[in-house]
Each structure stands twice: as C-alpha cells, then as structure tokens.
Amino acid sequence: MLKFAVPVVLSLMLAGCASTPPNLATGAGLAHDASVEDINPRLSAADATREDGRFSEALEIYQRILFDAPANLQAHRGLAECLLAMGKYAEARGLFQGLEHDADLRAAALQGEGLAALGLGRDDAAEKSLRAATQADPALWRSWNALGSLADRRHQGDEAAKLFAKASEINPGSAAVKNNIGYSELIKGDPKHAAETLRAALELDPKSETIQNNLRLAIAANGNYDEALRAATREQLPVVLNNVGYVAMQHGDLAAAEGYFARAMEASGSYAAVTAKNLDRLKSEQVGAP
C-alpha cells in the first residue's frame, strides 16, 4: 500500500488573517446595537462574500457588524467560519464553543468546533464534536466529510468510504468530498479509480492546487510519471518532482526516483530538505537492492 506525504483535504481553505477579531466576551471596542433593518442586508453581503471564498473581506464586514451589534450571533458565527477557513483554528474554535448554547446555531457550532479541532490535530476532540454535530443535524455534510478523513488517518478505509459516501449523498457537487474519496482510494492502493475520482473533483474545482497535486500522485502511482509532471508551474515543480520521485521509489523504480529527486533538488528552495530526506532513504534502499 502506498502512503504519501500529501494530507487529505477537508473543506477548509487557508489564507492570511487581515485583522484581530473583537473581544466577544467583554464587548471591548464595540459600540451600540444597530437596527435589524440595518444589520440584515450587511449580514447577507458578508455571507455572500464568505461563500465566494473572499474570507478576509468577509471577516472585516462581520467585524464592522459586531461593532454596531455586538450581540448578533449570526455575525459571530460568520466570523468564526472565516477564521476557520483562514486556518486560524484556535481562535475559530473558541468562537464556535461560545455559540453552542444557542439552539439554532448549536449544530453548526459543534461542526465548526470539530473542524477547528481537526485542524489543530486534536483528533479525539474533533470526533466527539463532529459526531455530536451529525446527531444534531444529519445534513451537515462537512461533518461527515471530516469524519471520513479521521477514519482515513486511522487506516479505517471501509469506514472512511461509508462516511464519504454519506457526505457525497448530501452534497454530490462538493469538490472537497470527491477529492477526499479519490485520495482515500489512492492510499488504499487503487490509483486507477483514484485518478478517475480526482479528475471529477478537478472538474468541479479546476483551480484547486490540492486536487491537482493529488491527481498527479494518482497518475504517477499508475506508472505515468511524465504525465504527472505536465502542466506543473515553475513554483509547483519542486513539490511535484519530489512527489513523483517518492511514488517511483515506492514502486521500486529506484533509478527513475533518483532522477526526479535530483531534478527536485535543482528546482527547489525551501522544499530541498524534504527531498534530501527522500534521497537518503533512496540510497539506503539502493544499498539493499539486488
């Protein structure tokens, strides 16, 4: 079974955080409550901006809403979702925990807390929150998707497949779910089906570098090393060359692996240390090769 250094992707996106959220516990820096008629259109604009993937911009809108309406729980939830999407997992987790007391937001808050805990590497806490989220609202596909990723981490392939299938049933158009299904197929040693699934994922989200990288891994795992390198940009090339070399090494194609690692070292800057470790491992395998 092949194992790769590329992580299974959740429905999260990473970016830079533009500013610090207000102190929600004390209300420090906040002003007066605004009218519902004033807040609701701004909330709709913030939600649309977040759904469009412009998380830094959406975060600033939510913060301005909270300046005027510090008790608005929907704005708190939107702010937490932005922080989660931006990789600010500790901050997001704290905000989601503060929303679990609200009956209307409890399920979404449990999901957000679980996803944040997963991002922090706290798998047991993540599973507890995500399970509670699916009990509160079985339609939360992101929770099923994340639980599938947890099962894959624990090498529970059959369980992961069931959980991903549940997520896909709820949201069949999710590129994140299809990516995770494809990656799961790949690490279970089925690169042919993995490539097919990942191509379908890429059709849904053609700009996703994560899906592109996973598809290249699947193509390389099918023995098509040169095809896996096609269309890689200069910035992507060191990582792609290293990953293709790693797959070749796993296949026992040691000469090909050495060539790809050498090219990765030439093209690499910050990624050189990873490739150097792979080269050291390759040399030890070459010594033991007949």
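The values are calculated or read from the model by the stated rules, or taken from the named source; none is laboratory data. Predicted, not measured: the structure shown is a model, and the values here were computed from it. Positions of Cβ are generated from backbone atoms using ideal geometry, with glycine treated the same way; all protein chains shown enter the neighbour counts.
Remarks
- Test: residue in the stretch 252-270 that is under 27 Å from S149 (Cα atoms), of a type outside the set (A, V, I, L, M) and either touching a Lys or Arg at 6+ places or on another chain (Cβ under 9 Å) or surrounded by 15 or more Cβ atoms within 10 Å (Cβ to Cβ) (or both): no
- Single match in A161, A90 (criterion: in contact with an Asp or Glu (Cβ under 9 Å, 6 or more places away or on another chain) and modelled with pLDDT of 95 or more): A161
- Single residue of the stretch 230-249 satisfying the filter (over 23 Å from the mean Cα position of the chain (by Cα) and surrounded by 16 or more Cβ atoms within 10 Å (Cβ to Cβ)) that is nearest to E209 (Cα to Cα): G245
- Any chance G148 is surrounded by 19 or more Cβ atoms within 10 Å (Cβ to Cβ), free of Cβ contacts under 8 Å to residues at least 40 places away in the same chain and more than 24 Å from D52 (Cβ to Cβ): yes
- Flag if E51 is in contact with a helix residue (DSSP H, G or I) (Cβ under 9 Å, 6 or more places away or on another chain) and closer than 28 Å to A165 by Cβ: yes
- Members of the stretch 87-133 that are in contact (Cβ under 8 Å) with a residue 24 or more places away in the chain, under 15 Å from the mean Cα position of the chain (by Cα) and not in a helix (DSSP H, G or I): G87, K88, L120
- Residue within the stretch 209-216 that is within 22 Å of A267 (Cα to Cα), of a type in the set (S, T, Y), assigned to a helix (DSSP H, G or I) and touching a residue at least 40 places away in the same chain (Cβ under 8 Å) present: yes
- Hits in the stretch 198-214 (condition: surrounded by fewer than 24 Cβ atoms within 10 Å (Cβ to Cβ), under 17 Å from the mean Cα position of the chain (by Cα) and not acidic (D, E)): L202, L204, P206, K207, S208, T210, Q212, N213
- Checking every residue in the stretch 59-68 against the condition of being touching a Lys or Arg at 6+ places or on another chain (Cβ under 6 Å) and more than 27 Å from L150 (Cβ to Cβ) gives at least one match.
- Residues located in the stretch 151-161, provided they are part of a helix (DSSP H, G or I) and without any contact (Cβ under 8 Å) to a residue 24 or more places away in the chain: A151, D158, E159, A161
- In the set (1) closer than 30 Å to Q63 by Cα; (2) crowded, with 22+ Cβ neighbours inside 10 Å, A107 fails one condition alone, (2).
- Checked against the criterion of being in contact with a helix residue (DSSP H, G or I) (Cβ under 8 Å, 6 or more places away or on another chain) and small (G, A, S), the candidates G189, G182, G252, G223 yield just one match: G182.
- Test for A195: is it at pLDDT 95 or above, in contact with a Gly (Cβ under 8 Å, 6 or more places away or on another chain) and part of a helix (DSSP H, G or I): yes
- Of all residues in the stretch 123-145, those that are crowded, with 17+ Cβ neighbours inside 10 Å, more than 18 Å from A165 (Cβ to Cβ) and of a type in the set (S, T, N, Q) total 1.
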